[in-house]
1. Per-residue mean of other chain beta-carbon atoms within 10 angstrom of the beta-carbon, peptide B:155-168?
2. Keeping all protein chains in the complex and leaving out DNA, RNA and ligands, what accessible area do you get for A:HIS176 with a 1.4 Å probe, in Å² to the nearest 10?
3. For the stretch A:35-236, what is the percent of antiparallel DSSP beta bridges, rounded to the nearest 5?
4. What is the set of long-range amide H partners of B:VAL20 at a cut-off below 5 Å, with H atoms built 1.01 Å from backbone N?
5. Using a 10 Å cut-off on Cβ to Cβ distances, tally the other chain neighbours for every residue of B:125-134 and report the average as a whole number.
6. Looking at the stretch B:16-179 only, what percent of DSSP beta bridges run antiparallel? Nearest 5 please.
7. Please list, ordered by chain and number, the residues whose modelled amide H lies under 5 Å from the amide H of B:ALA122; skip anything fewer than 5 residues away on the same chain.
8. Decide, for the stretch B:16-179, between rounded, prolate and oblate: order the square roots of the alpha carbon gyration tensor eigenvalues as a ≥ b ≥ c, take rounded if a/c falls under 1.5, and otherwise choose prolate if a/b is larger than b/c, else oblate.
Amino acid sequence: MHRPIDVFRPFVSGPTGRTKTLVTAALLGGFALLLGGCVTATVQEVREASTGMGTGDSVAVLGRAGTVRGAETEEDFVTCIGRNMGGGSSPVAVINQQDFQDAMFPWFEPRIAPIATTDLPELLSQPLMAKRLEEIGLRYLIWVDGSTQRTEESGSMSCTITPGGAGCFGFLTWEHDSAYEASVWDVRNGRPVGKVSSDANGTSFMPAVVVPIPFIARVRAHACSSMANQLKSFVVDDEAS
Amino acid sequence: MAVPSTRLPIPVVNPLPVSVGIHLSDELRSYVHEEAIRNTGSYKINVGAAQDLMFDNLATGLFSAHRFVATSTDHAADLDAILVPTINELQFSIPKQTKSDFFEVWLKYNFQLFAPDGTTIAEWPMQAYGRANSRNYGFLEDTDNGGLQEASRVALRDAMALFAFKFQRVPEVQQWLNTHNYPRPTAAPESVTSPPPSQQEAN
């Protein structure tokens, strides 16, 4: 099965994902009732300078990129931060990572992007960069570093299918640990204004007596929402207003 | 201003004061890599279809003027040189092979730059790299095709980015640019990160 060629994108065809989709859809149907596990989240803020958003100002949220396998921030976490900052009460204008990379191409591509925020002043002060940043109305650049790791897992479960029916028995548990830090850079004044960090961990478990019932701890989602809310109030500077 | 969202964007760099003809061969424009992976299936990656857009946008940002030419010897008075890119090789890996979360694509280009009299000004290779994290795809998404497509797109962007930075740093190109009163390269990173070795290089 080949996909139509999109001139903007390389075209790839491979084994169809339909079989996998059907199996996973069936599994999801069976486990429609997803219950929540326990999550503990801590958010900390360090402010170095006052902040504020004017009319037409926007923020861009970028994740750490890299060519070393595993050294990058998950794309969906960065997207989640941007989506949460741009929604809810008192939303701020957010330029998503892809649009920002396109607008500043090629300076924020994975193999070229600055590795640390300390490299930003030299890059952003170049006349071409400064002009483009002014055009897109960027006020703050938020640089997110970190990841979510599965730290522990234990337990066992066995499932049996017989002509008379099917069932599972056992208990599984696993733990996820999230650690993220967002550095906020004031593009207009060319200096860092602070950091927001979010740590979250949670245990998921799945007991099974005939039917397995998963209790999923949404660790990354908690880390995202708590960090996004804190970042939103940080750039708007709720305390100062 | 609305943020442009084209997937292979025009680079934000100072254009070089030269007019360059670009010759894309039929072979390059129709470049397709096909490979079968044991116990997984066959894959077909078509990067040829993106070459026109890629080099058009690249040259729009990098050169003060450019146009596509039919042959590498099609020298006209308005051109300072002709650029001829070729793809020597494409390699890829999927998470099942590397026991990692990543789809990876390595794209090996070769570039030739010809003077108006047909002599070679410079010739240099370039390896672009792209990867996509399988964890960025949802439970119900077609991860294999989506991941490889994204890794290929990132490799094409990487090729554009590397070309934009490295072109004026190729010693023979630098020498040629001096004859066009180009003072010195645009400010750019001193170095770019090297990609991990491909499967063949690692073995």
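The values are calculated or read from the model by the stated rules, or taken from the named source; none is laboratory data. The model shown is predicted, which means the values in this text are computed figures rather than measured ones. FYI the Cβ positions are ideal-geometry reconstructions off the backbone, even for glycines, and counts take in every protein chain you see. Just so you know, the surface numbers come from the protein's heavy atoms only, side chains and all, with ligands and any DNA or RNA stripped out. Shrake-Rupley method; radii C 1.70, N 1.55, O 1.52, S 1.80 Å.
1. Across the residues of B:155-168, the mean count of other-chain Cβ atoms within 10 Å is 3.
2. 50 Å²
3. Of those bridges, close to 85 percent are antiparallel.
4. B:ALA65, B:HIS66, B:ARG67, B:ASP80
5. 2
6. 80 percent
7. B:LEU113
8. prolate
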